[in-house]
Amino acid sequence: MFHFDVETKDDWWEVEALYDLCFAPGRTALSSYRLREDVDPVADLSIVARDGDGILAGAIRYWPVHIGTDVALLLGPVAVHPTHQGEGLGGALIHDSMSRAARLGWHRVMLVGDEPYYRRFGFQRLSGVVMPPPTNPDRVLGHGLADGIWDGVQGDVTRYEV
Ligand SMILES: CC(C)(COP(=O)(O)OP(=O)(O)OC[C@H]1O[C@@H](n2cnc3c(N)ncnc32)[C@H](O)[C@@H]1OP(=O)(O)O)[C@@H](O)C(=O)NCCC(=O)NCCS
């Protein structure tokens, strides 16, 4: 019913419009956006989902971040158009993109979000991983794409520098 493709340059504003529709106004004021400024999303992990008519139904992007001296993926934004929410598309986008991430050699995924939603994908609260303020620490979640990969990973989350 939906087909997934890597996002292209031509998709950018359509995806932004979907995020504007799905998130509360002022989403770019959130602390996670400070980590995305002047950093490109991970191209191979920005996925758009379109329905049979080619209409955008959902999208996910990831950014690289530093945690202390370690590197992780910051998952998000992920959004599904209100007319398609609850059909499993958000879950499919998260599963598909995290499988791609593992194949590409990424090991750690973190996000700021609702634990009751993300725990089904294996995300758990990260202690000692500090997002820029203001962020509720209970919403800072991580998932390992390899065993034990979060062990000892602690520190401030900062913008990715090559
Ligand atoms: C969150 C979102 C991406 C989920 O996509 P979706 O396609 O609707 O989700 P799925 O169909 O895969 O899963 C639906 C399930 O997730 C649950 N769910 C959705 N959002 C939830 C939340 N914030 N907290 C807890 N559960 C949630 C639904 O109740 C449903 O539960 P069920 O399987 O027990 O019926 C989508 O609702 C959305 O775009 N929301 C607005 C933007 C947003 O909040 N993005 C996430 C940022 S943290």
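Here, each number is a calculation from the coordinates, and none is a lab measurement. None of the values given here were measured: they were computed from a predicted structure. Cβ atoms come from the backbone with ideal geometry, glycine included; neighbour counts cover every protein chain shown.
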Report the far tail of the P(r) of the range 3-159, meaning the percent of Cα-Cα pairs longer than 19 Å.
52 percent
What percent does the relative contact order of the chain come to when contacts are Cα pairs within less than 8 Å and at least six residues apart?
23 percent
If you fit an axis through the alpha-carbon atoms of helix 12-22 and take the longest principal axis of the Cα set of the chain, what angle between them do you get, 0 to 90°, nearest 10?
80 degrees
Going by average Cβ density within 10 Å per residue, which order do the peptides 1-14, 57-70, 37-50, 127-140 take, highest to lowest?
57-70, 37-50, 127-140, 1-14
Need the full-extension length gain, Thr135 to Leu21, defined as separation in residues times 0.36 nm minus the C-alpha distance. One decimal, nm.
38.8 nm
What distance in nm separates the two pseudo spin-label positions at Tyr117 and Thr8, each 7 Å out from Cα along the beta-carbon direction?
2.9 nm
Would you please put 21-27, 86-92 in order of how densely packed they are, using the mean number of other Cβ atoms within 10 angstrom per residue and starting with the highest?
86-92, 21-27
